[in-house]
Every structure is written in structure tokens, then in C-alpha cells.
Amino acid sequence: MGVPDTSPFGHPPESRLKPLLQMTHKPAIDALLNATPRLWQGRQCSRGQPALPTGHVRLDARLPGKGWPLGAVTELICGQPGLGEFGLLFPALADIGEQGQWVVLVDPPWIPYPAALQAHRLQLGRLLLVRTRNEKESLWACEQALCSGRGGAVLAWPERIAFARLRRLQLAAEANAKLAFLFRPENALQESSPAALRLQLEPGGQQGTRVNVIKCRGNRPAEPVWIPQPFSAYANPTHQTPEHALACPSTSAPGPRPVHPGPGQQQDPDRPQRYH
Amino acid sequence: MPVTAALGLRDDLQVVGRDMEAEQQALQRLAAWCYQYSSQVCVPGDRPGLFLEVEASERLFGQPRQLAQRLQQELGRLGYHAMAGSAPTLEAAWLAVHEAAHLAETGAIRRQLGPLPLARLQLEPAQITAMERMGFRQLRDLLRLPRKALTRRFGPALPDYLERLLGVRPDPRKLYQPPETFSARLELPAEIHASQALLFPLRRLLEELCGVLRGGDTAAQAVCITLSHEDADDSALELGLQSPTQDSARLLTVLRERLERLRLPGPVRAIRLDAPRLLKFNAGQHTLLRDTPAERRQDIEQLAERLQARLGPGAVAGLTGVEDHRPEYSWRTRALGEPPRCTALAHRPAWLLPKPRRCAIENYEILAGPERIESGWWDGRDCRRDYFIVRDAHGSTLWAYHEYKPRRGWYLQGIFA
């Protein structure tokens, strides 16, 4: 920790430590350290953290394991739908399906469009939809999905989730080498979180969607990345900036969710209803 | 010993009448359960026991003594108290049970069973009394006499019995045939008020069921549990699985979820468990390597079962495409076993709104389009629409259409999330 990070690749300067390590080095210790995934090791930060490539080269470059962290919760914080937040996961979810693993969607807010998923190589045969009646059941189902079998991904859209609950999901994901993606509203930014990776998605005009790395375990939050969206290039560059968008909420468009969701939020006519 | 004498010795004695019919039913069920250890099981009918042929499965389950221990343990877990013995002939084995003896060869029968008192023999009580009056005390006293003398004194049945006992005369029996369904009833010793407390007796019944399933090489996919109440109608509980199983642990997880949410209309007096259809069990190859596609399928099926048990049968589904150009009709949910069919379409949003929503196009910027969709003249839901990819003031990309038929106007239908 105290050794300054001087290597160009972000590795701890191991060469200087080597003579010291050789005296005490025992393979058994290594084996023990590697066997416990919950133990955070300093050198995990820049190498060896298991991850699944996101399919977006520029995003991969910003993430510690060069991809979505395996066996961890990733929070995608998104103030509004329609920023390509689900599509961001498509390359990884397609890989998961091709490896014969399952993708579980717990209470998706709208109907996944099969033709679109198919066009992005997602395996419909390995997709499980779970519908619950309330948020408590939803989190329970999410945890059950994370505890079942090894590998695969679980996606959920919790409005509110307590820190302790999130930590349980994180542990369950860790124990079963799952990818857990939680889509969170913007007010989640004000809460602390045990998630391994937190990304914030913002509209980025013509360049697509701006992805801010809020937190990533084992690395410093990096510069934002722009993920191009299929039709962003056609957008009017002078149309509106995100700041402007927040300043003038429209009445007919699905607006940003309120920062403090009240009990009447489900009835909000501007927010597309859940389909069950 | 008469009941009055027993009560004289201990006044806290609880006397329960012997229910012969229930006993025979239990024996029939246990015969099905024992089928997993021997393919030749016999329910004698005239005594509270079962005969199993064990020599053929000796290599699989070890010496008779070891198998006997295992059976006693497992039956104990099902709530039965069992004694076991083995011998080369049926009648000798029956006598060996009380001694917990395991006789390996016919020669040992005379030697080891000879000192047994006559009361142990499978004979009429009147006949035993008559023999005792004549001075016979032990089995070996009878064995010493020639057949002719025995026939003259006690009729032909006795020498016949002794010859079967010694293995001189064959002793053919009707073998047990496993049933096509499973049904077991358990009268509870005390009424149960809490649904969670039902888990214990039900676990016993489920384990019994799974033993029967293993024995018959069958599997169950649905299990019906009927709870009888004192002063309310029976309540039924159905456990459904995604695929047939012999695994009691899998049924138990589903049961636990169901019991957690079960409201009892009254205290439970008796439980019946039925498996109405026993299916052929298709055991997957057990592989050394974990994480095979078959195993993942099992994992996901078990997850679906657990979720359905708590959330209801409609809670878990797959997704499939439907051949229809109108997006709202181009999808449906599917059962997990059903293969999905879907045609990929480019430039479609990841999410569909459950119902298209009216919108004012002035608030949106059109990025791409139009794409004409005209369909449905045959089913009365005819429509003609032009689809556009639009962006709203906040930068969200949405899917909107301009409808000409049946009503004019702009609608939002999807989100490019």
C-alpha cells in the first residue's frame, strides 16, 4: 500500500519486492490466497481479476479486469431509460448464452423484444423471465437466482435496496461466479454500495451514451467513456445538452425518475408501467 | 401379557389398538420401498414382515449383515422400527430375525436355530401348546423325530414346514409387483397446528416415496398432498416440478416454500401423499466433470421450481418470438421445455411497452425512419403504421410510430435501452 505505483501499467513494482518474497515464499500460501475469492489482494487491482469482456473496447480498457467483473455485482445507474443501458450488456449476455449459461431477468420493467434480442445474438433459449408481485419478492428471487448453479448472469431493476441486502447479493454472486447487474435509479448515487463496479450512464448527445465509472473495486475511477449508440450520429448536435434536458422536463416523454420516489410513483403516467 | 397386567406394571401406559389393515398397507408400501435393494421382494401376508432376496445384490450392497444394518437405519428414518436376520431359507430367515442372526449356509440352521423355543415357530398356537404338553420344548426336539412320526402326531403340515425351514423342500412364493402409483397416508399422533410443523412428517412420506421411485426405476413430476382437518374440508397442496425426479431433497425445497405460505384452515389430523403418475426415470449420465449443459439445465429447472413454489406457477417463463409483423403480437412467454423460435430483426428496441402510448411528435427529434408495417387484415386488428426512431428532450432513444389505420395518431412503442 505504501509503495508508490510507479510502473507504467499500474502493476505494483514487484521487482523490488522479489528478494523479500523469495525468503518467505511458500506455494501453500499462494494456494490459500487464491482459494478465497473474498480476500482482496493488492495486486488484484490490475491483473487477474476474473472478468467477461464487455464487447466495448473502450469500456474494457477502463475496467480493472478488462471486462464485467465475474462473481460480483455491477450497478448501472441510469436516470432515464433509452440510453442503451440494456444494450450495453448485450455482447456479454450473448457470450454467456453461447457458453451454455443462463441469463435470468428478474422483473424487467418492460417486455424484452425477442426479435431485437435475437439480432444481438442473445440466446432466447437460455433466457429466464421472473415476475414477482412486489419489491421484496423481487429481491428474494434475485438472490435465489444468484445462488443457483454456477456462472451465468442475473439482471434486476430494484428501485430501492438496502446496503445489507446488496451485500448479500454480492456474496451470492461471488460464491457462484455469477454476473449480477442491477439497474438503479439516479438517487442510488447518493448511497454507498458494496458493488464491485458502479457505472453511471448519461446521454452524451451525438457521441452516444456517456459512461462514468463511479466506483470500481481495485482501481481508481477512470475517465468517462462514450459508447456510440446506433442512431446517435443523426441527432441534432445543437438540439439539447443533458443539462438542458434536466432543466426542462417534458410532460409527454418518459421523464427522469424523481430523486426520492414517493409512494405514488407507480401511478406516474409519464413512466411506462411495468407489464404485469 | 394381558393389557390389565401391563397396566398394573405401568399406569402411564398408552394402549393403542393394532390396525391390521393399516399394517398391511404399510407393508405393501415398504415392499415398494425395499424394491430398491432387491428385485425379489415378498409380502408374506400372514406375518408383519417382508422377505428380500439378498444374495443377488451382495456385490452391490455387501454382506447381508451390512445390508440389514443399512435397511434398519433407513427404515428408522422413515419412522419404522425394523428387525432383520438372514438365512438360506425363508422360514429360517424369519426365525433368525428375532436372534438378529445371519446364517450363511443350510448347515447352520440346525445348529443355530435348534435351541429356539417352540413358541417362536410359525405354527398355530394350539398346535404349539399340544407339542409342549407332549414334552417338546425346543425346535431341535422336533427335528430329531422322523417325518413319519411327526405326520402321524401333528398332521402333514408340520413336517412340511420343517422341511421348508431346513431347505429340503422348495418354498416358492408370489413375488411383489411394484405399483403404478404411490399413495401413503399418515395418521398424526397429535394434531398439528402450524404449517411448518408439517414438514417433519411430510419429509418422512417424501423419503418413502423416493425410495419407492428408486426401487421401481420410476420418477414423479407432481405430488399431491391432502391434509385432513377435524372440522374443515380437506386442503390440498400440489408440488409440481419442471422435470421428473427421484430426489427427495428437490421435492423438499419446493415443499418448504409452499409450507411457508400455507394457511391451515384448522389443525391437521392426517396427511395423505399421492404421486398419481409414476413416470419412467431417465437418469442422466453422471459425469466426473461438473458444469455440463445438462447440469446447468437441472440448476435452472430447480431454480424455476423454487421460484414457482413461492411466487406462483406463472412467475417463471421463457420468451419466444411469434411470426407476426405487429410488434405487440410478435412475442409471448413460453414454458421452459418449449424451444424458442424467433426471427432476428435489425433496428428494433430492446424493450417493448406493454401498450403503445399516445405521444406528441413535436417533442421528439426523428433520428431514422420510416419503416412501414402493414398487417393484420385477416384477424380484424388491421393496422398500417410508419415506424420512426426518435429521441426525446432528455436524450432517450425511443421507438414511435405514426398510425394511419385504425386510428390516426402518434404512438410510442419501444425503448432503445
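Is there a simple number for the mean count of other chain Cβ atoms within 10 Å of the Cβ of residues in A:105-113, and what is it?
On the way: counts 1, 1, 1, 4, 4, 9, 12, 7, 16.
Shielding by partners across A:105-113 averages 6.
Taking each residue in B:406-413, count the Cβ atoms of any other chain within 10 Å of its Cβ, then average. What number comes out? Numbers along the way, then the final one.
On the way: counts 0, 0, 0, 0, 1, 0, 4, 1.
Mean shielding by partner chains, rounded to a whole number: 1.
Tell me, what ³J(HN,Hα) does each residue in the range A:174-190 have, in order and in whole Hz, if you take phi through Karplus 6.51 cos²θ - 1.76 cosθ + 1.60 with θ = phi - 60° and put x for Gly and Pro?
Each residue's phi maps through the Karplus curve to give 5, 5, 10, 6, 9, 9, 10, 10, 10, 8, 10, x, 5, 5, 5, 4, 7 Hz.
Taking neighbour Cβ counts within 10 Å as the exposure measure, how do B:Trp399, A:Trp102, A:Trp226 sort from fewest upward? Provide the component values of the computation, followed by the final result.
Working: B:Trp399 28, A:Trp102 24, A:Trp226 16.
Ranking B:Trp399, A:Trp102, A:Trp226 by Cβ neighbours within 10 Å, fewest first, gives A:Trp226, A:Trp102, B:Trp399.
Taking 7 Å along the Cα-to-C-beta vector as the label spot, tell me the B:Arg185-B:Asp247 distance in nanometres, rounded to one decimal.
3.3
So what is the diffusion coefficient of the range A:57-250 in µm² per second by Stokes-Einstein at 10 °C and 1.306 mPa s, using a Kirkwood Rh over Cα pairs? Don't skip to the end; give the middle numbers.
Details: Rh = 17.3 Å.
Answer from the Stokes-Einstein relation: 92 µm²/s.
Ranked highest first by the average count of other Cβ atoms within 10 Å around their residues, in what order do B:148-155, B:400-407 fall? Kindly include the intermediate steps, with their values, before the conclusion.
Values: B:148-155: 13.6, B:400-407: 16.0.
Descending mean neighbour count gives B:400-407, B:148-155.
Between the range B:306-373 and the range B:86-159, what's the alpha-carbon centroid distance in Å?
First find each Cα centre; the distance between them is then 79 Å.
Report the Cα centroid-to-centroid distance between the range B:167-217 and the range A:157-222 in angstrom, as an integer.
51
First measure r as the distance between the Cβ atoms of B:Gln66 and B:His98, then evaluate 1/(1 + (r/R0)^6) with R0 = 22 Å and state the FRET efficiency to the nearest 0.05. Please list the in-between numbers first.
On the way: r = 20 Å, r/R0 = 0.90.
Efficiency at R0 = 22 Å is approximately 0.65.
For a label point 7 angstrom out from the Cα of B:Glu374 toward its Cβ, which stretches of the range B:301-325 have the backbone nitrogen within less than 16 Å?
Hits in the range B:301-325 for B:Glu374 at 16 Å: B:325.
Note down the net charge around B:Pro48, summing +1 for each Lys or Arg and -1 for each Asp or Glu among other residues with Cβ under 11 Å from its Cβ.
Within the 11 Å Cβ shell, the charges total 0.
Given H placed 1.01 Å from N in the peptide plane, which residues other than close sequence neighbours of B:Ser183 have an amide H under 5 Å from its amide H?
Distant-sequence amide H within range of B:Ser183: B:Ala275.
Under the rule a/c < 1.5 gives rounded, and otherwise a/b versus b/c splits prolate from oblate, where does the range B:341-415 land using the Cα gyration tensor? Before the final figure, lay out the partial values.
Values: a/c = 1.94, a/b = 1.31, b/c = 1.48.
It is oblate, given that a/c is not under 1.5 and a/b is not larger than b/c.
Using amide H atoms built 1.01 Å from N in the peptide plane, name the residues 5+ places from B:Ser86, or on other chains, whose amide H lies under 5 Å from its own.
Here the answer is B:Ala101, B:His102, B:Leu103, since their amide H atoms fall under 5 Å of that of B:Ser86.
Going by average Cβ density within 10 Å per residue, which order do the peptides A:87-99, B:171-183 take, highest to lowest? Let's see the in-between values first.
On the way: A:87-99: 20.5, B:171-183: 14.4.
Highest-to-lowest ranking by the protection proxy: A:87-99, B:171-183.
Roughly speaking, what % of Cα-Cα pairs in the protein assembly as shown are separated by over 52 Å, rounded to a whole number?
Details: 84731 of 239778 pairs.
Every Cα pair in the protein assembly as shown considered, those over 52 Å come to 35 percent.
What does the highest-first list of B:208-219, B:79-90 look like by mean Cβ count within 10 Å?
On the way: B:208-219: 22.4, B:79-90: 17.2.
Sorting B:208-219, B:79-90 by mean packing, highest first, produces B:208-219, B:79-90.
If you find the alpha carbon centre of the range B:218-284 and of the range B:7-70, how far apart are they in angstrom?
The range B:218-284 and the range B:7-70 have Cα centres spaced 25 Å from each other.
Could you please report the charge total around B:Leu262, scoring K, R as +1 and D, E as -1 over all other residues with beta-carbon less than 13 angstrom from its beta-carbon?
+2
In peptide B:304-310, how many Cβ atoms from other protein chains are near each Cβ within 10 Å, on average? Mind dumping the intermediate values first?
Details: counts 5, 0, 5, 12, 1, 0, 5.
Counting other chains' Cβ atoms within 10 Å and averaging over B:304-310 gives 4.
Rounded to a whole number of µm²/s, how large is the Stokes-Einstein D of the range A:54-149 at 10 °C and 1.306 mPa s, given Rh as the Kirkwood radius over C-alpha pairs?
On the way: Rh = 14.7 Å.
After rounding, the answer is 108 µm²/s.
Could you list B:Cys383, A:Cys142 in order of exposure, starting from the residue whose Cβ has the fewest other Cβ atoms within 10 Å?
Working: B:Cys383 18, A:Cys142 28.
The fewest-first ordering by Cβ neighbours comes to B:Cys383, A:Cys142.
Checking the table B:Lys148/B:Lys174; A:Lys178/B:Lys355; A:Lys66/A:Lys136; A:Lys215/B:Lys355; A:Lys66/A:Lys178 against a 25 Å threshold on Cα-Cα, which pairs fail? Walk me through the numbers on the way to the answer.
Numbers: B:Lys148/B:Lys174 29 Å; A:Lys178/B:Lys355 33 Å; A:Lys66/A:Lys136 33 Å; A:Lys215/B:Lys355 37 Å; A:Lys66/A:Lys178 17 Å.
Beyond 25 Å: B:Lys148/B:Lys174; A:Lys178/B:Lys355; A:Lys66/A:Lys136; A:Lys215/B:Lys355.
Hey, fewest Cβ within 10 Å first, where do A:Val73, B:Val16, A:Val130 land in order?
On the way: A:Val73 28, B:Val16 6, A:Val130 25.
Ordered by Cβ neighbours within 10 Å, fewest first: B:Val16, A:Val130, A:Val73.
FYI, it's all coordinate maths here, none of it is from the lab. Being a predicted model, the structure only gives us computed values, none of them experimental. Neighbour counts run over all protein chains shown; Cβ positions are idealised from the backbone, glycine included.
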